[in-house]
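Engineer: First, the structure itself, so that you have it in front of you.
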Amino acid sequence: MAATNTTTLNDLLPEIIQEAMFVASERSIMRGLVKNYTLSAGQGTHVNVPIYPIQTAAAYPDGTLTEVPNTAVSTNTAQLTVAPVAIRTMLSDLVRTSAASNVVADLGRLFGEAVARKMDTDLTALFGSLNTGLGNSTGAITAGSVFEAVAKLKSDAVSTEGMVCVLHPAIAYDLKSALTTPSSSVPFSAFGLGDVANQAMREGFVGMLSGIPVYETSNIAVNVNVGDYIGAVFHRDAFGLGMIGDISIETQRRASFLGDDIVCSAYYGVGILQNNYGRFLNFDSSIIN
């Protein structure tokens, strides 16, 4: 016997659309960790940053007739070239007018995050271009690796204020693993760093190590082999980000297609400003192979 049910009357039943759900994506971090430069309209597409080298003074005893010699001060120049990065889709009138949610706003957020991630990956790609560092794509990172990188930067008179460590989560796992493995014979292990080890165990992140904050981001590309990710310890003046304006979202009517173009774009350039202000950390993850 046939019955009248939700299958036979499906055309009369409204669809309940819940709030849009986005695939989880971490926030961009690199923009706030490097030197930022903003270009105004009409200033071209290049940022030229003069770099003054460290100077050395000498002692001259009082009463001497020796003239203080002239010191010629010259600068090096780092250049950032601005270029467009963008993503676009065409949204049909039917979808926009029939959707229960604000599709334009949803796409704006989605595309804005995509451009921000691209900015992060462009900046972290510079880690491998640093002249010196630790590791050669083999072996796991240790706390001693971070301490050594910080010590070498401080030995070059780089200030710890503005210095950070950025690692891929798979590399940071090994750092946390080393910190939470008690051993009286391993330098910088949990045996000697109880507070750091406890924080790593409780909260899942290192926080501060060797006086600098440690950040994790998945926006670091694989370096040649699976599981190899190059991180870095660096001062904010090591890298530069030059931008014209900011990340922008705009729409343009496409009447002949019965829709609108949704475009997200940014005009920026990245580069190394002072190579000796950073040390790469090139290690292999023990959990990805």
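Engineer: Using the Karplus equation 6.51 cos²θ - 1.76 cosθ + 1.60 (θ = phi - 60°), what ³J(HN,Hα) coupling, rounded to whole Hz, does each residue of region 246-254 give in order, writing x for Gly and Pro?
Structural biologist: 9, 5, 10, 10, 9, 10, 9, 5, 10
Engineer: Order of LYS176, LYS35 from fewest to most other C-beta atoms within 10 Å? Each step should come with its number before you reach the end.
Structural biologist: Numbers: LYS176 21, LYS35 18.
Arranged by neighbour count, lowest to highest, LYS176, LYS35 become LYS35, LYS176.
Engineer: Less than 9 Å Cβ to Cβ from SER285, Lys/Arg counted +1 and Asp/Glu -1: what total charge do the surrounding residues give? Don't skip to the end; give the middle numbers.
Structural biologist: Numbers: positive: none; negative: ASP174, ASP228, ASP284.
Computed value for this residue: -3.
Just so you know, all these numbers are worked out from the coordinates, no wet-lab data involved. Worth saying up front: this structure is predicted, and the values here are computed from it rather than measured. No Cβ is skipped: glycine too gets one built from the backbone with ideal geometry, and neighbour counts run over all protein chains shown.
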